[in-house]
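Working notes, beginning with the structure itself.
The values are calculated or read from the model by the stated rules, or taken from the named source; none is laboratory data. Bear in mind that the values here come from a model prediction, so they are computed numbers and not experimental data. FYI the Cβ positions are ideal-geometry reconstructions off the backbone, even for glycines, and counts take in every protein chain you see.
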Amino acid sequence: MSERAGSPSGMSAIIIGATGAVGKQLLAALLDAQTYTSVHAFGRRPTGVTHSKLTEHTLDFEKLYEEAQNNSDGEESKKLSEVGADSIFITLGTTRAQAGSAAKFERIDREYVLAAAKAALETSKTGQQLLYCSSAGSTSSSPFLYPKSKGLTEEGLANLSYPQTFLFRPGMLQNPQREQERLMERVAEVFVKGILNRITDNAGMDVKDVAKSMLNASRIGAESVKQHDLGSAPQGKGFNPFEGRSVTAFTNSEMKKLAALP
């Protein structure tokens, strides 16, 4: 697989959400990839990973959100903007149960994500990428909290001025290796693995493959993704990307194909 034109090596990456199910796998993949020589992990707590490529930054997401609301270039925003990363990977997310309320869920799942993406945007980088791990079924028109929040987040990210934006929509996450096991998720995973995965490629995906699909998309870039006939422009009146900007969404089955690229 060819690397994307312009910067075959020596690139820098930001990862937000590196301690989550997908984030842990993505961090490992980024550190192992020759494409990236520096990786900056931003989060509320350390990853516990030690690597010569890795720099960790503690981020106060609530302050970052307030800075975004006030359109101010504050201390938290500068932490992200000063990196000047080539690629920004966002795997941050939560559930309503974990957050404690619908309002707190939306603050973490959407507002923190949008605030981080805005702060990390570097307009002088002509090929800067934004890669976001969303979810299957995401749509701002959904009557349900989780898919609606993901859909609104996708629209907000797509409407920033990143040259390349990739939206990944995996189905059921398999082998998430969470610190606190979710019983219903575990039951559903058994059903998806044992039955649905034999019927459709859109049911579920191993978190390692989710991470690999994100890494591979960043490595080859938007033009090569099109050449592989993967991904499509997201549909919906809420998607209004800047002229000349590329926004690509991937289904679970397309992500599997991306992950399988050599």
- request: Name the one entry in THR55, THR19 that is over 25 Å from GLY127 (Cβ atoms), in contact with a strand residue (DSSP E or B) (Cβ under 7 Å, 6 or more places away or on another chain) and not in a helix (DSSP H, G or I).
  value: THR19
query: Listed residues VAL225, VAL207; which is within 19 Å of the chain's Cα centre (by Cα) and more than 20 Å from PRO163 (Cα to Cα)?
result: VAL207
field: Conditions (1) modelled with pLDDT of 60 or more; (2) over 17 Å from SER134 (Cβ atoms); (3) out of contact with any Asp or Glu (no Cβ under 7 Å at 6 or more places or on another chain); number of the one not met by ARG219
entry: (3)
- line: ILE15 passes all but one of the listed conditions (1) of a type in the set (Val, Ile, Thr); (2) buried (at least 20 other Cβ atoms within 10 Å of the Cβ); (3) touching a Lys or Arg at 6+ places or on another chain (Cβ under 7 Å); the exception is number (3)
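Can you tell me which residue is surrounded by the fewest Cβ atoms within 10 Å (Cβ to Cβ) among those in region 203-235 that are charged (D, E, K, R) and not in a helix (DSSP H, G or I)? Before the answer, list the steps.
Of all residues in region 203-235, those charged (D, E, K, R) come to 206, 208-209, 212, 219, 223, 226, 229.
Those left that are additionally not in a helix (DSSP H, G or I): 206, 229.
Numbers: ASP206: 17, ASP229: 9.
If we take residues in region 203-235 being charged (D, E, K, R) and not in a helix (DSSP H, G or I), then ASP229 is surrounded by the fewest Cβ atoms within 10 Å (Cβ to Cβ).
Of all residues being of a type in the set (Gly, Ala, Ser) and in contact (Cβ under 8 Å) with a residue 12 or more places away in the chain in region 55-101, which is surrounded by the most Cβ atoms within 10 Å (Cβ to Cβ)? Just the residue, please. Steps first, answer last, please.
Kept after step one, since they are of a type in the set (Gly, Ala, Ser), are these residues of region 55-101: 68, 72, 74, 77, 81, 84-85, 87, 93, 97, 99-101.
Narrowing the set further to residues that are in contact (Cβ under 8 Å) with a residue 12 or more places away in the chain leaves 68, 77, 81, 84-85, 87, 93.
Details: ALA68: 20, SER77: 21, SER81: 15, GLY84: 13, ALA85: 24, SER87: 30, GLY93: 25.
Checking each candidate, the answer is SER87.
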field: Test: ASP109 is crowded, with 19+ Cβ neighbours inside 10 Å and among the charged types (D, E, K, R)
entry: yes
- prompt: Could you say which residue among ALA97, ALA120 is within 17 Å of GLY17 (Cα to Cα) and not charged (D, E, K, R)?
  reply: ALA120
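Does LEU258 qualify as being more than 14 Å from the chain's Cα centre (by Cα), modelled with pLDDT of 80 or more, within 15 Å of SER134 (Cβ to Cβ) and assigned to a helix (DSSP H, G or I)?
Numbers: more than 14 Å from the chain's Cα centre (by Cα): yes; modelled with pLDDT of 80 or more: yes; within 15 Å of SER134 (Cβ to Cβ): yes; assigned to a helix (DSSP H, G or I): yes.
So LEU258 fits the description; yes.
Confirm whether LEU131 is hydrophobic (A, V, I, L, M, F, W, C) and over 24 Å from GLU66 (Cβ atoms).
Numbers: hydrophobic (A, V, I, L, M, F, W, C): yes; over 24 Å from GLU66 (Cβ atoms): yes.
Yes; evaluated as a whole, the condition is true for this residue.
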field: Sole residue being at pLDDT below 95, of a type outside the set (A, V, I, L, M, F, W, C) and touching a Lys or Arg at 6+ places or on another chain (Cβ under 7 Å), chosen from ARG45, ARG4, ARG96
entry: ARG4
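Based on this model, can you work out whether ILE108 counts as in a strand (DSSP E or B) and of a type outside the set (Ser, Thr, Tyr)? Break it down into steps so the answer makes sense when it comes.
Numbers: in a strand (DSSP E or B): no; of a type outside the set (Ser, Thr, Tyr): yes.
Against the criterion (in a strand (DSSP E or B) and of a type outside the set (Ser, Thr, Tyr)), ILE108 does not qualify.
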field: Matching residues in region 121-178 - criterion: being outside any loop (DSSP other than H, G, I, E, B) and of a type in the set (A, V, I, L, M, F, W, C)
entry: LEU130, LEU131, CYS133, LEU145, LEU152, LEU157, ALA158, PHE166, LEU167, PHE168, MET172, LEU173
- request: With the condition kept exactly as written, say whether any residue in region 125-140 is farther than 19 Å from ALA211 by Cα, in contact (Cβ under 8 Å) with a residue 24 or more places away in the chain and of a type in the set (Phe, Trp, Tyr).
  value: no
